1. Can you give the accessible area of Ser123 in Å² (nearest 10), computed on protein heavy atoms with a 1.4 Å probe?
2. Using helices alone, what [θ] at 222 nm do you get for the chain, with -39,500 (n - 2.57) per DSSP H run of 4 or more residues, divided over all residues and rounded to the nearest 500?
3. To the nearest 20 Debye, how big is the dipole of the range 34-187 about its Cα centre, given +1 on the beta carbon of each Lys and Arg and -1 on that of each Asp and Glu?
4. Among Ile169, Trp201, Tyr10, whose Cα lies farthest out toward the positive end of the dipole of the chain, if unit charges sit on the beta carbon of Lys, Arg (+1) and Asp, Glu (-1)?
5. At a Förster distance of 45 Å, what's the computed FRET efficiency of Asp137 paired with Asp92, Cβ-Cβ distance as r, to 0.05?
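The values are calculated or read from the model by the stated rules, or taken from the named source; none is laboratory data. The structure displayed is predicted, hence computed values, not measured ones. Positions of Cβ are generated from backbone atoms using ideal geometry, with glycine treated the same way; all protein chains shown enter the neighbour counts. Note: areas computed on protein heavy atoms with side chains; ligands, DNA, RNA excluded. Shrake-Rupley method; radii C 1.70, N 1.55, O 1.52, S 1.80 Å.
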Amino acid sequence: MDHPTALAGYAMPGHGIAPAEHLLGLPGFWPAYYGPVWDAFADDPEPFGADHADVDAAAEALYEGTDVWPAYRIPLPRGRTVWVVHRNFPDDSGTDYLLTEPGLPRERELAAIEGHFRGPGLSWPDLVALAHAAPADAEGVRDPDRRLLLLLPAYGDAGTPVEEALERIAAALVAVGVDPRAAPTAAGRFLDHPFWESPYWPGPGGSPLSGGSGAHPPLREALLSAPPGTP
């Protein structure tokens, strides 16, 4: 099975991985994408301009491809990429948020949406910074609104500036077709993640990934800066 070279260490025998950004254009994509975390969007897709048949069709495309797993690429500077992969094992499905970087032997997990969930992997400043960090000539999702919306399930931050977040998320939702009257209420749902309690992230000098603690620089700084030894 074919798979991106960057995910060679993640790929499983008998299962391919293929970029699938074209799926974002499906009428029911966003309610189906958020369904495993915020099922209210799939139950009531009308604010997204979709109906239940649209959501069912999108869910089939996202979650029922067991031979070839759909993946969305979120390119970052200097060859780094966040991959969102629907890991469609028949009996162990989930969505993984993975970071690949030139020179690293394999991917780094940011979060996983599944029965044994792992996360969060992004603070609010991380989320906003990565949404707006697309290289102009990279392949994958470059639109800041769609990048932010794709990364929202991996986010959690008890220090989120609520009004700023509601305004930014609502604007992104409107940009993908959500009714402007419904967008503020929909945006509020993202501030309450049912899989984990949002942590207080350390400031400069420490940024826990997947809910753990550590002495790494903030993720946005690590990803958007040059690797050590770069001229």
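1. 10 Å²
2. Details: 8 runs with 66 residues, N = 231.
Calculated from helices alone, the mean residue ellipticity at 222 nm is -8000 deg cm²/dmol.
3. Values: 12 positive and 27 negative charges, 172 e Å.
Using Cβ point charges on Lys, Arg, Asp and Glu, the range 34-187 gives about 820 debye.
4. Of the listed residues, the answer is Trp201.
5. Values: r = 37 Å, r/R0 = 0.81.
Computed FRET efficiency for Asp137 and Asp92 comes out at 0.80.
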